[in-house]
Structure formats: structure tokens, C-alpha cells
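The values are calculated or read from the model by the stated rules, or taken from the named source; none is laboratory data. These numbers were taken from a predicted model, which means no experiment stands behind them. Heads up, the Cβs are rebuilt from the backbone with ideal geometry, glycines too, and the neighbour counts pull from every protein chain shown.
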Amino acid sequence: MPFSYTRTVRFQDTDAAGVVYFANVLAMCHEAYEASLAASGINLKAFFGNPDVAFPIIHASVDFYRPLFAGDRLTIQLTPKQFAGDEFEIAYQVFSEEVAGRSAAKAVTKHVCIDAVTRTRKQLSEDLMQWMRQFEI
């Protein structure tokens, strides 16, 4: 079952035209990612501060279907999927309460697990595998 994260669009998320700036949708999706890790019991400080392991994003994309405005109440659903022993992808769907049932945006981030010192690929940890199993479809 996908993880759901709710958030209100803030004025600071918008551009001069009054709509959410495209890059901020990815920032909101990353907030959902962090919330899902915490909800599965992963210690965020240890996860992101680990000097031995890193999870850089190697690909990101966003498709927009309708504008989002300050004050819009969003639900971001995320579904992780493992691709290899050292790679995973997260699919996001962004819904606005203003348009029930229809996605306002979709995003994807692809991550790789690396040894933070040697910058070589490394197998995903059991904690991360468990997180993926918890929120996969």
C-alpha cells in the first residue's frame, strides 16, 4: 500500500505567477520520502548522516497536470520499487483536495546506494528493503 503524506502549499513554494515552482514539487516529494522512512522506523538522523553510505538521486522527473497554488491541501502518495541490489525508484502522485480523484502531478526519483567514501555501488540495507516492502503495491 502506498505511503500518503499531506501538506499545504505555502506561499514560499510559489513563483511570480502564483503557482508552485516546478522544483518545489520535487522538494515536497522528498518531504514525503523522509516522512515514509520515519514512519517505517528508520532513524532519519542516522540514515542521512551515515558517513559510510549515501543514496544519491541519479534521475528525477515531474509531469504536471494542473497548477498548484498557495493554500492548496496536497496528498502525496509514494510507492518505492527496487530495481537492482543497489538501486531503487520512488513513484509519487500529487493530489490536490481541490480536484478530487485526479492527480495534479506525478514524479519519479531514482536512487543508488553507494559507499560514501569510495563512491562505489553498495547493496541496499535490510532496513531500506523492509521500507520498500512496507509501501510497495
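Evaluate the following for Val108: is it surrounded by fewer than 18 Cβ atoms within 10 Å (Cβ to Cβ) and of a type in the set (Val, Ile, Thr)? Give the steps one after another, and end with the answer.
On the way: surrounded by fewer than 18 Cβ atoms within 10 Å (Cβ to Cβ): yes; of a type in the set (Val, Ile, Thr): yes.
Considered against the rule, which asks whether it is surrounded by fewer than 18 Cβ atoms within 10 Å (Cβ to Cβ) and of a type in the set (Val, Ile, Thr), Val108 comes out as yes.
Against the numbered list (1) β-branched (Val, Ile, Thr); (2) modelled with pLDDT of 95 or more; (3) not in a helix (DSSP H, G or I), Val25 comes up short only at (3).
Hey, can you tell me all the residues within the range 118-132 that are outside any loop (DSSP other than H, G, I, E, B) and under 20 Å from the mean Cα position of the chain (by Cα)? Spell out how you get there, then give the answer.
If we filter the range 118-132 for residues that are outside any loop (DSSP other than H, G, I, E, B), which is where we start, we get 121, 126-132.
The answer is Glu126, Asp127, Leu128, Met129, Gln130, Trp131, Met132.
The condition of being touching a strand residue (DSSP E or B) at 6+ places or on another chain (Cβ under 7 Å) and loosely packed, with under 11 Cβ neighbours inside 10 Å holds for only one of Asp86, Asp72, Asp52, Asp13, that being Asp52. The single residue among Gln93, Gln77 that is in a strand (DSSP E or B) and under 14 Å from Ala60 (Cα atoms) turns out to be Gln93. Contact map, the range 46-65: first residue among the acidic types (Asp, Glu), second residue surrounded by 13 or more Cβ atoms within 10 Å (Cβ to Cβ) and in a loop (DSSP other than H, G, I, E, B), Cβ cut-off under 7 Å, separation 6 or more or different chains; pairs are Asp52/Ala116. Assess whether Phe95 counts as being aromatic (Phe, Trp, Tyr) and farther than 19 Å from Asn24 by Cα. No: the conditions fail for Phe95.
Quick check: is even one residue across the range 32-54 part of a strand (DSSP E or B) and under 22 Å from Arg10 (Cβ atoms)? Show your work before the answer.
To start, the set of residues in the range 32-54 that are part of a strand (DSSP E or B) comprises 53-54.
After this cut, where a residue has to be under 22 Å from Arg10 (Cβ atoms) as well, the list is none.
No, the range 32-54 contains no residue that is part of a strand (DSSP E or B) and under 22 Å from Arg10 (Cβ atoms).
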